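**Student:** Before I ask anything, here is the structure I am working with.
The values are calculated or read from the model by the stated rules, or taken from the named source; none is laboratory data. What you see is a predicted model, and the numbers here were worked out from it, not measured in a lab. As a convention, Cβ positions derive from the backbone with ideal geometry for all residues, glycine included, and neighbour counts pool all protein chains shown. For accessibility, only protein heavy atoms count, side chains too; no ligands or nucleic acids. Shrake-Rupley method; radii C 1.70, N 1.55, O 1.52, S 1.80 Å.
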Amino acid sequence: MATRSQGSVGVHERGRRNNNTRVSLAKFFAISLVTALVGVFAVNSADAEAPERRQVEVLELEVRNDQYADTDLNPKGPSLGDAYVYSGAAMRDGRSVGRGGGSCQVIRIKGEELTTQCLITIELKRGSLTMQSLWVSGTNSLEMAITGGTGDFSNARGTAHYWDIATPKERVRAEILH
């Protein structure tokens, strides 16, 4: 019987080892599956967070203002709500390639300094571009956010830089992200 007991114990021991092996393999496959899924989610998350590669288009134009109006609300002189409205042509190599215009409204007065909120739209053959920013009246340069547009520019974003504002040499360089 002692031999039989050892034999039984041996059989039970082998069964337990096989069960342990099955459990170990099951754990290994489960851990492998979880690791693979975590890797897939990590890659997908990284792709979702990666900045979208966008194409940059540079548009350089001269600005020829042809109409201008200054609205002076009460009280007379600089006050909140006063506005400047203007329009003109977008030029390249001496030829008109579009038109545009905008307005600036006084939103803050600090001594002689007037801060305005400005909105400009330029319309070209391919569509229009809209831009917006704050501007201190009298400064000769301005950086505006491109906030959208129409046509080929319907999803446009970027920055427009204006120089020599309200002079015959006024120009703009728009860096448009598509």
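**Student:** Under 8 Å by Cβ, and 6 or more places apart or on different chains, what pairs join a residue from region 163-178 that is free of Cβ contacts under 8 Å to residues at least 60 places away in the same chain with one that is surrounded by 13 or more Cβ atoms within 10 Å (Cβ to Cβ) and assigned to a loop (DSSP other than H, G, I, E, B)?
**Tutor:** Correct list of pairs: Trp163/Glu170; Asp164/Glu170.
**Student:** Return the only residue of Thr115, Thr150, Thr167 being within 25 Å of Gln55 (Cβ to Cβ) and either hydroxyl-bearing (Ser, Thr, Tyr) or in contact with a Ser or Thr (Cβ under 9 Å, 6 or more places away or on another chain) (or both).
**Tutor:** Thr150
**Student:** With the requirement that a residue be open to solvent by 20 Å² or more (accessible area, probe 1.4 Å) and polar (S, T, N, Q), what does region 96-116 give you?
**Tutor:** Ser96, Ser103, Gln105, Thr115
**Student:** May I pose another question? Could you tell me which of the residues Leu124, Leu119 is over 16 Å from the mean Cα position of the chain (by Cα), open to solvent by less than 40 Å² (accessible area, probe 1.4 Å) and of a type in the set (A, V, I, L, M, F, W, C)?
**Tutor:** Matching residue, one of Leu124, Leu119: Leu124.
**Student:** Return the residue satisfying two criteria in turn: it lies in region 55-81 and is polar (S, T, N, Q) and assigned to a loop (DSSP other than H, G, I, E, B), and of such residues it is surrounded by the most Cβ atoms within 10 Å (Cβ to Cβ).
**Tutor:** Ser79
**Student:** Mind listing whichever residues of region 105-146 are β-branched (Val, Ile, Thr) and touching a Leu at 6+ places or on another chain (Cβ under 9 Å)?
**Tutor:** Val106, Ile107, Ile109, Thr115, Thr116, Ile120, Thr121, Ile122, Thr130, Val136, Ile146
**Student:** Give the residues of region 159-178 that are at pLDDT 95 or above, open to solvent by 20 Å² or more (accessible area, probe 1.4 Å) and out of contact with any Lys or Arg (no Cβ under 8 Å at 6 or more places or on another chain), sorted by residue number.
**Tutor:** Thr159, Arg171, Arg173, Glu175, listed by residue number.
**Student:** Can you pull out the residues in region 128-150 that are under 20 Å from Gly111 (Cβ atoms) and either touching a Pro at 6+ places or on another chain (Cβ under 7 Å) or not in a strand (DSSP E or B) (or both)?
**Tutor:** Ser137, Gly138, Thr139, Asn140, listed by residue number.
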